[in-house]
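First, the structure itself, so that you have it in front of you.
The values are calculated or read from the model by the stated rules, or taken from the named source; none is laboratory data. Note that the coordinates shown come from a computational prediction; the quantities given were computed from them, not determined experimentally. In this analysis, Cβ positions are derived from the backbone assuming ideal geometry, glycine residues included, and neighbour counts consider all displayed protein chains. Keep in mind that these areas ignore ligands, DNA and RNA; they rest on the heavy atoms of the full protein, side chains included. Shrake-Rupley method; radii C 1.70, N 1.55, O 1.52, S 1.80 Å.
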Amino acid sequence: MHAVNRDDHFNTQPKHTEWNKTYVVQAGVDSIYRMKQTTDQWHRNNAQRKNKLLQVCRKHNLNYSVHYSQRIHSGLFVNDKYRVLYCAIPKVASSNWKGVMAVLSGRLSSDDVFKSGQMIPNISVHALDKGFGQHLTPLGRFSPRQREYRLKNYFKFMFVRHPLERVLSAYGSKMAVLKDTAKKTVQARREIIKYFTKNATFYQLQSGSGVTFPNFINYIIHSHLRKRMLDPHWREYNMLCQPCGIDYDVIGRYETLSEDAVQVLKLISAENVVTFPTSHRPNHGTNAKDKIKEFYSQISAENMLKLWQVYRLDAELFGYMYPDTNWNLYPNGTTN
């Protein structure tokens, strides 16, 4: 019998083993380097957003005293364990961020709130605000001195999107359908039917059904001109989060939601505790552009300018532009 040479056995491995090891190690180094480059670029982008905001605040001499602005405290959520403060803006992934904050409270697991990369259907934003209210702590629950401490020392973040895109999203979920039965939403629908809809039926007046997009825009314009506080779902970012009075560490954008969410969770050391839902990915493709064109082309040029006046400051603060002639909200691609 031929004796087995142990050296022959081990020599059956690829001839370029050392080269392969070197390649694997180098590939790992390259991957880490690329990740660092991506992270560094993200920090530069965030710094640019903050600098832009600061310049506009100074330009318009805006510097609110947040200590006495009670109306924003209900939309600012605090987590003392992670020393984080989040300003929730409806229609900018706020439901998912509230879900994340609920998980960070420690009383709910990620599986309690999210499943298969999305929020569990019966865990709605209203459930988080009401039924799960003990897991979300508004800044307003604290004394003035405690609020001031958290505003000065905690990590603070907010997310924005193009104002016109958000208005359309609000129309789709609050006006075009009757699913939302919240008292303020129903009242708004009824007012729009009453004051802006010709020949409205009794059923429309009672239910608020049949709100058109042009009439919704008329309602926003007239509410603004009458100096009425807008509903939070289409209220100005400047009024909701007062970014000229609060020094936010991160200004996230809906267009870069996935990347920004990853970095926020890393910065508060919660990346291993909860993952931001992967199913919530903004769509800025052809369908989204067509939708913008479909609805906003119904608005007269005069009313488009009046609507832009409502959100002009928001757009300037966060670097958004008026749509071009093709109704493109991002003529140069998604902004930083």
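Would you list which aspartates and glutamates come within 20 Å of Lys59, measuring only between C-alpha atoms, while excluding same-chain residues fewer than 8 positions from it?
Glu236, Asp247, Asp314, Glu316
Among Lys98/Lys266; Lys156/Lys183; Lys115/Lys184; Lys50/Lys156; Lys156/Lys266, which pairs are too far apart, with a Cα-Cα distance over 20 Å?
Exceeds cut-off: Lys156/Lys183; Lys115/Lys184.
Sequence neighbours fewer than 8 away in the same chain don't count; with that in mind, list the lysines whose C-alpha is under 26 Å from Lys291.
Lys91, Lys174, Lys179, Lys198, Lys306
So, one more: Can you give the accessible area per residue of region 167-210, in Å², using a 1.4 Å probe?
For region 167-210, the per-residue accessible area is 61 Å².
Would you kindly calculate the mean projected area, averaged across all directions, of the convex hull enclosing the Cα atoms of region 133-229, in square nanometres?
Seen from a random direction, the Cα hull of region 133-229 projects 8.9 nm² on average.
Can I ask one more? Given a cut-off of 19 Å, what percent of all Cα-Cα pairs of region 199-310 lie beyond it?
More than 19 Å apart: 67 percent of the Cα pairs in region 199-310.
Right, something else. Order these peptides, 317-325, 98-106, by their mean beta-carbon neighbour count within 10 angstrom, highest first.
For the peptides 317-325, 98-106, the packing ranking is 98-106, 317-325.
Related question: Can you give me the % of accessible surface on region 128-235 that is carbon or sulfur? Probe 1.4 Å, all protein chains present, nothing else counted.
The computed percentage sits at 52.
Right, something else. On the Cα set of region 223-274, report Rg and Dmax in Å, please.
Using the Cα atoms of region 223-274, the pair Rg, Dmax is 15.1, 48 Å.
Averaging sequence separations of C-alpha pairs under 8 Å and six or more residues apart, then dividing by the length of region 183-336, give the relative contact order as a whole percent.
After rounding, I find 20 percent.
Which order do Leu313, Leu139, Leu178 take when ranked by solvent-accessible area (1.4 Å probe, heavy atoms of all protein chains), largest first?
Correct descending sequence by accessible area is Leu178, Leu313, Leu139.
Here's a follow-up. For Thr39 and Thr275, calculate 0.36 nm times their separation in residues minus their Cα-Cα distance, and state this gained length in nm to one decimal.
Gain on extension, Thr39 to Thr275, equals 83.2 nm.
Taking N as the number of residues in region 155-203, what is its Cα Rg relative to 2.2 N^0.38 Å?
Here the Cα radius of gyration is 1.49 times the empirical estimate.
Over the Cα atoms, compute the radius of gyration (one decimal) and Dmax (the largest Cα-Cα distance, rounded to a whole number) for region 133-177, in Å.
16.2, 43
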